[in-house]
Amino acid sequence: MLGLLTLGQTMLSVSSVSFADTVQAQEPMLFSTAGFQAGVIDEVQGSSIRIDGRSYVLKSAVVVLTHEGEPLEIERIIPTSLVKFHLKEGHIDKMVVTLPQ
């Protein structure tokens, strides 16, 4: 009887972990933008971006999200978009982009 209770508890905890992982995977990835710089995107060319007239290089593993926290491909960034960005070692490693409506 004790063995069945333990087995049931183990299965229950495994199920809840799987469910929690699934829910977490569906939620948008969010991070704080405290300490980020802000500006307007002028141009995107390959791995570089010009914001407010100044050029920056994007890190190879740059994280780009929409203002809603959803992943955004660099190719979909439109000039005149608002951006909040974080510099690491002089290169942009994180950006939150608000596309024009």
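The values are calculated or read from the model by the stated rules, or taken from the named source; none is laboratory data. Bear in mind the structure is a predicted one, so any value in this text is a computation, not a measurement. Don't worry about glycine lacking a Cβ; one is built from the backbone with ideal geometry, like all the others, and counts go over all protein chains shown. Please note that ligands, DNA and RNA were not included when accessible areas were found on the heavy atoms of the full protein model with its side chains. Shrake-Rupley method; radii C 1.70, N 1.55, O 1.52, S 1.80 Å.
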Are any residues in the range 25-44 modelled with pLDDT under 95 and assigned to a loop (DSSP other than H, G, I, E, B), and if so, which ones? Glu27, Pro28, Met29, Leu30, Phe31, Ser32, Thr33, Ala34, Gly35
Restricting to the range 63-95, what's the tally of residues that are farther than 13 Å from Phe31 by Cβ, open to solvent by less than 40 Å² (accessible area, probe 1.4 Å) and not polar (S, T, N, Q)? 4
When the residues of the range 45-62 are narrowed to those that are open to solvent by 70 Å² or more (accessible area, probe 1.4 Å) and part of a loop (DSSP other than H, G, I, E, B), which ends up modelled with the highest pLDDT? Asp52
